[in-house]
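Worksheet for the structure shown next.
The values are calculated or read from the model by the stated rules, or taken from the named source; none is laboratory data. Fair warning: this is a prediction, and the values are worked out from it, not measured in the lab. Reconstructed Cβ throughout: ideal geometry from the backbone, glycine too, with neighbour counts over all protein chains shown.
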Amino acid sequence: MTTACYRRIVLKLSGEALSGNQGYGIEPKVIQSIANQVKEVADLGVEVAIVVGGGNIWRGKVGSEMGMDRATADYMGMLATVMNSLALQDALEKIGIPTRVQTSIEMRQVAEPYIRRKAIRHLEKKRVVIFAAGTGNPYFSTDTTAALRAAEIEAEVILMAKNNVDGVYTDDPKTNKNAQKYDNLSYLDMLNEGLGVMDSTASTLCMDNDIPLIVFSITEEGNIKRVVQGETIGTTIRGN
């Protein structure tokens, strides 16, 4: 199969996905692999938007648990996502993929401010758009950012790429060898069973706007392209 099943997608990357086995910071080989996989999808004519987390650099929740003001800790996390986004932009442009970073917190010397219509125009011109700095508000995760931006730009699907699991399981497969993997799941079941795929705000946004979510592993080369071409890998979550 050489054609894509989707016209416009949002790719959600965790910050940890960029750190590889080192567990912190950005692993050059990993970010290059992700860039190459994004290029494979872009070469199919798919319009690609990306939301990157910041957990490889800073987690607002951890700062809050240390006694830091929650809003301050979350703003630090937003800045971490900007660092990851710029690194990913650099990796993409080095292989010939025009890329724009848009931030929810204005920092014009670094990136464009997020403007919905401008983001859509970039996508129509086949530029990859990376949404950085979360929603621009504390107390919201980058999962919520992915759901919100997907709804705003009318993306057809959210691809949630994981570096430590290949789908959604009934329990943690690392600690429970009897954990069963779901092929398909509803958002309601995911919330009721407390599976922790994404936070409840993000899940509700996806459910209300009828945006499917596919959870899969990014560690296997070519998986993003396989998902976009309709191969059944990982776990697909829908409204019902």
- [ ] Kindly indicate the residue of segment 191-201 that is in a helix (DSSP H, G or I) and out of contact with any Phe, Trp or Tyr (no Cβ under 9 Å at 6 or more places or on another chain) and also nearest to residue 49 (Cα to Cα) among those meeting that condition.
- [x] 200
- [ ] Answer with yes or no whether residue 67 is modelled with pLDDT under 95, small (Gly, Ala, Ser) and under 19 Å from the mean Cα position of the chain (by Cα).
- [x] no
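Has segment 82-91 got any residue that is within 24 Å of residue 208 (Cα to Cα) and either among the aliphatic types (A, V, I, L, M) or in contact with a helix residue (DSSP H, G or I) (Cβ under 6 Å, 6 or more places away or on another chain) (or both)?
Checked segment 82-91: no residue is within 24 Å of residue 208 (Cα to Cα) and either among the aliphatic types (A, V, I, L, M) or in contact with a helix residue (DSSP H, G or I) (Cβ under 6 Å, 6 or more places away or on another chain) (or both).
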Open item on the list: Restricting to segment 211-228, count the residues that are at pLDDT below 95 and part of a loop (DSSP other than H, G, I, E, B).
Closed with: 5
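Among the residues in segment 189-196, are any touching a Gly at 6+ places or on another chain (Cβ under 9 Å), crowded, with 20+ Cβ neighbours inside 10 Å and farther than 30 Å from residue 2 by Cα?
Looking through segment 189-196, at least one residue is touching a Gly at 6+ places or on another chain (Cβ under 9 Å), crowded, with 20+ Cβ neighbours inside 10 Å and farther than 30 Å from residue 2 by Cα.
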Task: Which numbered condition residue 24 fails, given (1) over 17 Å from residue 143 (Cα atoms); (2) in contact with a helix residue (DSSP H, G or I) (Cβ under 8 Å, 6 or more places away or on another chain); (3) not in a helix (DSSP H, G or I) - done: (2)
Open item on the list: Quick check on my filter: what residues within segment 157-180 are within 21 Å of the chain's Cα centre (by Cα) and modelled with pLDDT of 90 or more?
Closed with: 157, 158, 159, 160, 161, 167, 168, 169
